[in-house]
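Chemist: Got a structure for you, questions after.
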Amino acid sequence: RRVWRRAHICGLLVAACLAFAAPATLTNARSIQMRPCPGLEGARCGRASVPEDHGVRPGRTLGLSVLVLPASRAGGSDPVFFFAGGPGEAATRAAPTIASTDFRRLNPTRDIVFIDQRGTGDSAPLTCPPPSDPQAYFGNVLGDAEALVACRAALETQADLTKYVTSIAADDV
């Protein structure tokens, strides 16, 4: 619980900074087909297609999961973006919690946009199987080193792991 709370606080701080930052110039804006999200009234969901390597075209593309809580009044301010903080954590899965908190006070005039960054949630997730021995997982922060090496090798067959870093995730946005 404490880690989850810290991740949300970090996400809220980042979102607050973004909310008051100077507006960015969109140089490569794309439209995303949005549809109602199941289970979250008024929310819209969609997928944004981005290149795995922004420097190589054509190449492998990734579908990023996006959820928007639309502003309740027209003519609002710039949107606020929410990103989750833990390894593999999905921002879109935090939307119901955020929608029920004080953070929602920004929502009358600002869309709140949740994006599962590449490799997380429903955005080309990079996941390793759970350890066969749960005690090994809890006995060491990194778990079984051999299992980690094997997982990395398996993930390298499906993705260029050098492209799953924060600076490239920022390029996606």
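Chemist: Answer yes or no: is there a residue in segment 121-130 that is outside any helix (DSSP H, G or I), of a type in the set (A, V, I, L, M) and within 21 Å of residue 153 (Cα to Cα).
Modeler: Yes, that holds for at least one residue.
Chemist: Tally time: how many residues in segment 69-88 are in contact with a Phe, Trp or Tyr (Cβ under 9 Å, 6 or more places away or on another chain) and under 25 Å from residue 163 (Cβ atoms)?
Modeler: 5
Results for (1) surrounded by 10 or more Cβ atoms within 10 Å (Cβ to Cβ); (2) modelled with pLDDT under 80; (3) within 25 Å of residue 109 (Cβ to Cβ), shown as yes or no for each residue.
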{"position": "13", "(1), (2), (3)": "yes, yes, yes"}
{"position": "26", "(1), (2), (3)": "no, yes, yes"}
{"position": "44", "(1), (2), (3)": "yes, no, yes"}
{"position": "48", "(1), (2), (3)": "yes, no, yes"}
{"position": "58", "(1), (2), (3)": "no, no, no"}
{"position": "63", "(1), (2), (3)": "yes, no, no"}
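Chemist: Let me ask another. Go through (1) modelled with pLDDT of 90 or more; (2) under 21 Å from the mean Cα position of the chain (by Cα); (3) exposed (fewer than 11 other Cβ atoms within 10 Å of the Cβ); (4) among the hydroxyl-bearing types (Ser, Thr, Tyr) and name the single condition residue 100 misses.
Modeler: In the conditions (1) modelled with pLDDT of 90 or more; (2) under 21 Å from the mean Cα position of the chain (by Cα); (3) exposed (fewer than 11 other Cβ atoms within 10 Å of the Cβ); (4) among the hydroxyl-bearing types (Ser, Thr, Tyr), residue 100 misses (1) alone.
Chemist: Check segment 149-165 and report whether any residue there is under 11 Å from the mean Cα position of the chain (by Cα), at pLDDT 90 or above and open to solvent by 90 Å² or more (accessible area, probe 1.4 Å).
Modeler: no
Chemist: Being under 25 Å from residue 49 (Cβ atoms) and modelled with pLDDT under 80 is true for just one of 131, 87. Which residue is that?
Modeler: 87
The values are calculated or read from the model by the stated rules, or taken from the named source; none is laboratory data. Just so we're clear, the structure is a prediction, and the values are computed from it rather than from any experiment. Cβ sites come from the backbone with ideal geometry, for glycine too, and all protein chains shown count toward neighbours. Note: accessible area is taken over every heavy atom of the protein model, side chains too, but ligands, DNA and RNA are not part of it. Shrake-Rupley method; radii C 1.70, N 1.55, O 1.52, S 1.80 Å.
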